Amino acid sequence: MYRKTVLDNGIRVISERLDHFRSVSLGIWVGVGSRDEVQEENGISHFIEHMIFKGTNTRTSLQIAKELDAIGGLSNAFTGSEYTCFHSRVLDKHIQTLADILSDIFLHSTFDPQEMNRERQVILQEINMIEDTPDEHIYVLFNEFFFMNHPLGMPVMGTPQTVSAIEKKTILTHIKRFHTPQQILLVAAGNVDHEALVDCFKPLFENLEPEEANQNRSAPEIHAGILSQHKDLEQVHICLGGKGPHLSGELRFAAAILNTILGGNMSSRLFQEIREKRGLAYSVYAFLTSYMDTGMLGIYLGTDPKEVNRALQVISREIRKIQDGDITNSDLAATKEHLIGSILLGAESTDSRMMRLAKNEYVFGRNISFEEVEEELGKVRVDDVVAVAKEIFKTGQVSLGTLGPFKKEDLDLSCLDFNGGS
């Protein structure tokens, strides 16, 4: 059962009761991420995420760890481009204890300068780790190129320069500006009583003063073109993509189907044509990344430097085939069933359901039932998938990024010719 309560100051408490579970997943969400940062403070949201667990007025970092371990809490946090979440999963009998711990670290972290300096080194190592992982680094480079000169293009973790410059006063100013009641969600899914949850959180959060929203988001312009960064690697890592639908866009269901048909599973066109039939890559897949006001549908693969153009020709050909209507009703039905199955299997996780509740609230302001999603997917026709393929992959409006021993001038530009027009 879905329930939602809005506290007097605007904080939203949302829950979904699932009586057949013994666990509860609880998350404290704040609607701020890397796209809300100025360039000089890039990475500050992620820095705060790390520091939240490093001590409060009444708990040291060790005490926080011990108390969470004592209730079997599987705790974590993540920062994205548009929101940050601090969450944990425990047995239902420990929900009040967990709520107290998570509330304390969210509201009363001290951001001790010595702890900050230690954690700064951890984050710098995390950035270095990404740069040493080319299949992840290419996505960072491609994202920066695709959303050039816009906050969505900035890396969530920040850069070594910006992370090194972040100070306690900068963090406190950022929190005061963005961690406002209107942006905070307290979300739980599992064997949880909604009224008890509200009673638990209300005294902890009701003293937060409501303030005007301080976000100033603007939709980005997509940057089309070619980025080629040389690095001494065995493979060339490639990202190719075009503008996709935003989170509430009418084309989002057709785009999800296109993404799956192209490279979303083992029977997808690109997996079969590039890996299974030609052995051009070990890893090849499509991805759909959507934000509040824009999106990206992209393709990744890693291949031998001598096979870059051949692999890209295969990708281009498969996209053009879809643009020409080469999708059967049987293909469409199988893809819908795959997506629906993935959604419903994910629903067996309380973490997944908790995160779904929060994202639906931020995007739609309400709960979106599984039946509604299934119904909307069912409405998608072959013509809709063809239309979205033409809309996303247009000649002259697609971006390509490469990382590895490959030169831009060696690229066969016919790989970027599609049937969507220019």
request  = Determine how many Å³ per residue the convex hull of the Cα atoms of the chain encloses.
outcome  = 146
request  = Kindly identify the stretch 309-349 as rounded, prolate or oblate by the Cα gyration tensor criterion: order the square roots of the eigenvalues as a ≥ b ≥ c, call it rounded if a/c is under 1.5, otherwise compare a/b with b/c, prolate if a/b is larger, else oblate.
outcome  = oblate
request  = For the chain, calculate the relative contact order in percent as a whole number, restricting contacts to Cα pairs under 8 Å that are 6 or more residues apart.
outcome  = 21
ask   = Between G43 and residues 5 or more places away or on another chain, which pairs have amide H atoms under 5 Å apart, with H built 1.01 Å from N, and which residues are they?
value = G158
request  = For the stretch 225-416, state the average projected area of the convex hull of the C-alpha atoms over all orientations, rounded to one decimal in nm².
outcome  = 11.4
request  = Report, to the nearest 10°, how far helix 61-70 tilts away from the longest principal axis of the Cα atoms in the chain, using its own Cα long axis and a range of 0 to 90°.
outcome  = 90
query = Taking every pair of alpha-carbon atoms in the stretch 353-400, what share in percent sits in each 10 Å bin, from 0 to the bin with the longest distance?
reply = 21, 29, 32, 18, 0
ask   = Most fluctuating residue of L152, L107, L357 in a GNM of the chain with Cα springs under 10 Å: which is it?
value = L107
request  = Please tell me which of these pairs span more than 29 angstrom C-alpha to C-alpha: K231/K336; K277/K306; K336/K394; K93/K336?
outcome  = K231/K336; K93/K336
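Rule-based calculations on the coordinates, nothing more; no lab input. None of the values given here were measured: they were computed from a predicted structure.
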